[in-house]
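Engineer: The structure's right below; bear with me while I get my questions together.
The values are calculated or read from the model by the stated rules, or taken from the named source; none is laboratory data. Since this is a predicted model, take the numbers as computed values, not measurements. Reconstructed Cβ throughout: ideal geometry from the backbone, glycine too, with neighbour counts over all protein chains shown.
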């Protein structure tokens with residue numbers, strides 16, 4: 001079984017080869033590379049510039065999720081925007097407050113881009129570039145939308161607060177409130193407090209874009225050496241490629257053993273399996289994905305149980321069966337398998353979920369939720385994750 | 001810990017007819033110590049990389065009822081689409097739903113003005129109850145009497161989305177007459193404890209109803225209003241609270257964001273009671289795991305005052321409170 005650190009190293013090395021590390025470390029900019037296919041979407045690479053800027057050492061950063069650099073001053077809407085961009089597998093450029101290791105907050109322009117597999121269009125990595133912003137606070141809106149009416153902006157003369165108010169009856173009220181608050185607010189922002197709005201300049205935006213281009217060229221170049229090509233734009237989408245990384249992220253939260261199979265592909269292969277499944281069966285990811293579940297059955301598996309499963313799938317119904325399954329090491333276990341069709345936004349069946357429960361392990365977890373209930377909660381979580389897939393016009397903006 | 005709203009103190013006696021859940025034994029989920037609400041400040045807790053207990057319990061029970069065929073239709077068969085355009089509104093085609101699916105007032109045998117819920121007849125729809133606990137960790141009790149002060153969680157047999165439930169505040173055999181800090185706190189606790197960005201709570205103020213209920217459902221994509229730009233007019237940096245007006249949205253909407261849950265819910269509860277005093281219709285949306293509350297101001301059919309004035313009244317309140 002792969003250790004987590006092993007997975008992280010593999011993430012870069014298997015795709016771009018070992019030599020990419022040197023090339024990436026030669027780039028001066030601050031950037032990180034994350035892997036959405038690993039549970040928790042950890043950072044798999046952090047540039048020297050990044051570590052220096054943030055004050056962290058490499059071991060403190062690799063394997064962690066980017067949210068560790070966020071703090072109370074980080075606008076939650078911006079965090080949501082980033083999360084949505086990841087889910088929709090597109091890039092985003094946003095102003096964001098991050099915190100250094102010593103706790104000081106600072107504004108930066110965060111520019112993120114997905115890296116696609118040329119072969120099947122899957123998202124392999126996300127690259128994030130961080131450009132610190134020289135303090136010139138303007139408007140409170142993380143995404144930097146431009147308001148047509150410039151007079152809406154009030155630049156407070158009190159030095160510490162910036163306020164934005166509507167141009168109707170609320171204006172005077174807003175001014176009054178800002179007056180009161182400005183007098184209370186701590187004027188020193190080099191300490192713990194920070195301006196509540198900020199926007200990057202054109203120069204800073206250009207720096208971010210050119211840094212991104214450099215990084216993407218390095219990654220593309222080195223991917224040629226392993227034959228597992230990547231590119232900055234999605235080129236093609238094969239069947240397996242359609243299994244978006246966003247699903248990977250939401251399904252990664254589910255700790256039970258389960259698989260998703262695709263009834264639209266020939267022989268209904270497994271398109272996703274949870275970490276717990278690998279642990280239960282002893283198989284590795286590459287030994288499972290793309291195969292039909294029948295490899296779990298063996299000599300003494302009751303054919304009527306198999307038949308019941310087949311029948312339910314054909315009739316698009318849910319079912320629970322008690323079936324004898326075999327691990328990779330040939331040992332067997334009784335599997336209380338719950339299968340259910342899962343629909344996406346079109347209302348049609350997109351996948352079937354199979355949640356495994358080893359009968360011998362029917363211990364209640366400390367919280368009091370029965371194993372059967374835990375199985376059902378896994379099904380529910382899968383439903384929510386798949387429900388909003390394929391929502392049609394307007395969602396993907398690649 | 002829990003404050004009794006002075007406003008409610010006088011009117012507590014004129015609640016709707018007592019509603020007894022005697023003999024009803026359902027699972028009970030005890031909140032753990034929620035740092036965000038108890039000491040007033042939200043630690044920047046790490047996002048849990050797995051489902052929380054309450055999240056699992058809710059999903060498990062809902063899925064269980066689906067398995068048992070309790071719902072009028074399978075909501076996941078309804079197609080949903082994003083409408084092309086600036087605001088990306090979402091449309092759902094649900095052929096199983098009709099006007100009869102909204103809980104009606106007054107026809108229930110429990111009394112006039114009480115919503116006619118399915119679970120009042122068939123207990124199957126009652127999932128579990130939720131209440132404050134004494135431990136620091138959350139706890140699930142498999143079957144017990146409904147405690148004195150709790151939130152009843154029941155399914156909506158005609159769900160609008162997956163996981164659609166009603167959350168009904170309940171206290172000493174009486175259903176809550178109106179929204180106050182105490183009932184809002186219970187609902188907010190649920191949002192915080194579910195720890196799932198897909199989970200959102202809703203509340204609709206209805207002047208003719210004699211008791212209140214919240215609704216909640218799961219939907220992975222943020223709602224259009226959450227993407228709209230906002231004009232912030234109040235910031236309290238120390239308490240991490242800010243109040244904004246949502247721009248470019250068809251309904252006048254205020255957004256409250258805070259790391260300081262207790263303060264936010266007191267402010268919102270106070271504003272809502274003022275709106276109620278003026279019979280101004282409004283709706284609430286709690287999202288972002290309890291950190292954001294949206295207040296939608298509806299044009300009341302009682303008063304002819306414009307919405308912006310109603311909004312202004314609310315804001316005047318804020319200045320007084322904060």
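Engineer: When you go through (1) within 11 Å of chain B (Cβ to nearest Cβ); (2) without any contact (Cβ under 8 Å) to a residue 24 or more places away in the chain; (3) assigned to a helix (DSSP H, G or I) one by one for residue A:77, which number turns out not to apply?
Structural biologist: Here residue A:77 clears every test but (2).
Engineer: Which condition does residue A:244 not pass, out of (1) more than 14 Å from every other protein chain (Cβ to nearest Cβ); (2) in contact with a strand residue (DSSP E or B) (Cβ under 8 Å, 6 or more places away or on another chain); (3) at pLDDT below 90, if it passes all the others?
Structural biologist: Failing condition for residue A:244: (1).
Engineer: Within the stretch A:92-109, how many residues turn out to be surrounded by fewer than 17 Cβ atoms within 10 Å (Cβ to Cβ) and in contact with a strand residue (DSSP E or B) (Cβ under 9 Å, 6 or more places away or on another chain)?
Structural biologist: The number of residues fulfilling the criteria is 1.
Engineer: Check off (1) at pLDDT 90 or above; (2) on the phi > 0 side of the Ramachandran plot for residue B:200 and give me the number that stays unchecked.
Structural biologist: The one condition residue B:200 does not meet is (2).
Engineer: Got a sec? Which strands (runs of 3 or more DSSP E) wholly within the stretch B:134-195 have at least 1 residues that are without any contact (Cβ under 8 Å) to a residue 60 or more places away in the chain, surrounded by 18 or more Cβ atoms within 10 Å (Cβ to Cβ) and more than 14 Å from chain A (Cβ to nearest Cβ)?
Structural biologist: Ranges flagged: B:149-155, B:165-171.
Engineer: Among the numbered criteria (1) assigned to a loop (DSSP other than H, G, I, E, B); (2) at pLDDT below 85; (3) surrounded by fewer than 18 Cβ atoms within 10 Å (Cβ to Cβ), which one does residue B:100 miss?
Structural biologist: Unmet for residue B:100, out of (1) assigned to a loop (DSSP other than H, G, I, E, B); (2) at pLDDT below 85; (3) surrounded by fewer than 18 Cβ atoms within 10 Å (Cβ to Cβ): (1).
Engineer: Next question, about the same structure. For the stretch B:258-291, enumerate the residues that are part of a strand (DSSP E or B) and buried (at least 22 other Cβ atoms within 10 Å of the Cβ).
Structural biologist: B:258, B:282, B:286, B:287
Engineer: May I ask you to list the residues in the stretch A:273-290 that are surrounded by fewer than 17 Cβ atoms within 10 Å (Cβ to Cβ) and in contact (Cβ under 8 Å) with a residue 12 or more places away in the chain?
Structural biologist: Residues satisfying the conditions are A:276, A:279, A:282, A:284, A:285, A:287, A:289, A:290.
Engineer: Report, by residue number, each residue of the stretch B:52-81 that is within 7 Å of chain A (Cβ to nearest Cβ), more than 21 Å from residue A:370 (Cα to Cα) and either assigned to a loop (DSSP other than H, G, I, E, B) or over 24 Å from the mean Cα position of the chain (by Cα) (or both).
Structural biologist: If we filter the stretch B:52-81 for residues that are within 7 Å of chain A (Cβ to nearest Cβ), which is where we start, we get B:53, B:56-57, B:59-60, B:62-64, B:67, B:76-81.
From the residues that got through so far, the ones that are more than 21 Å from residue A:370 (Cα to Cα) too are B:76-81.
Answer for the stretch B:52-81, where residues must be within 7 Å of chain A (Cβ to nearest Cβ), more than 21 Å from residue A:370 (Cα to Cα) and either assigned to a loop (DSSP other than H, G, I, E, B) or over 24 Å from the mean Cα position of the chain (by Cα) (or both): B:77, B:78, B:79, B:81.
Engineer: A follow-up question, please. I'd like the full set of residues that are buried (at least 20 other Cβ atoms within 10 Å of the Cβ) and within 14 Å of chain B (Cβ to nearest Cβ), limited to the stretch A:315-340.
Structural biologist: Passing the criteria: A:338, A:339, A:340.
Engineer: Can you work out which of the residues in the stretch A:35-74 that are under 21 Å from residue A:115 (Cα atoms), within 14 Å of chain B (Cβ to nearest Cβ) and touching a helix residue (DSSP H, G or I) at 6+ places or on another chain (Cβ under 7 Å) is surrounded by the fewest Cβ atoms within 10 Å (Cβ to Cβ)?
Structural biologist: A:63
Engineer: Follow-up. Checking residue B:42 against (1) at pLDDT below 75; (2) within 10 Å of another protein chain (Cβ to nearest Cβ); (3) surrounded by fewer than 18 Cβ atoms within 10 Å (Cβ to Cβ): exactly one of these is not met. Which one?
Structural biologist: With (1) at pLDDT below 75; (2) within 10 Å of another protein chain (Cβ to nearest Cβ); (3) surrounded by fewer than 18 Cβ atoms within 10 Å (Cβ to Cβ) applied to residue B:42, the lone miss is (3).
Engineer: Out of A:218, A:230, A:259, which single residue is modelled with pLDDT of 90 or more, in contact with a strand residue (DSSP E or B) (Cβ under 6 Å, 6 or more places away or on another chain) and either more than 14 Å from chain B (Cβ to nearest Cβ) or within 13 Å of residue A:124 (Cα to Cα) (or both)?
Structural biologist: A:259
Engineer: Sticking with this one: Which one is surrounded by the fewest Cβ atoms within 10 Å (Cβ to Cβ) among residues in the stretch B:207-239 that are in contact (Cβ under 8 Å) with a residue 40 or more places away in the chain, within 9 Å of another protein chain (Cβ to nearest Cβ) and not in a strand (DSSP E or B)?
Structural biologist: This residue is B:227.
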